[in-house]
Amino acid sequence: MDVQSLIDPSNSEIVIQVQAGEEEQDPEPLQKKNLSFPSGEDLPRCWLDANYRAA
């Protein structure tokens, strides 16, 4: 629901809203680590880990 929350590495959770058929479901929190792109690729590490440059 909020792209800025998705790309902000300090947020480990985002709020999503699933659409089932013609009805939108209630917004619910989801851990970003459980998300991937439709292609199956994981989210970029810089979206998940604020210290990604340290490793």
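Protection proxy ranking for 22-35, 5-18, 41-54, using the average of other Cβ atoms within 10 Å per residue and placing the highest first: 5-18, 41-54, 22-35. Only the Cβ atoms of Lys and Arg (+1) and of Asp and Glu (-1) were treated as charged; on that basis the dipole of the chain about its Cα centre amounts to roughly 500 debye. Shape analysis of the chain based on the Cα gyration tensor places the equivalent ellipsoid semi-axes at 25, 13, 7 Å, largest first. For the chain, the relative contact order works out to 34 percent when only alpha carbon pairs closer than 8 Å and six or more residues apart are counted.
Read-outs throughout are calculated quantities, based only on the coordinates presented, and are distinct from any laboratory measurement. This one's a predicted model, so the numbers in the text were calculated from it and none came from an experiment. Neighbour counts are summed over all protein chains in view; Cβ atoms, including those assigned to glycine, are modelled from backbone coordinates with ideal geometry.
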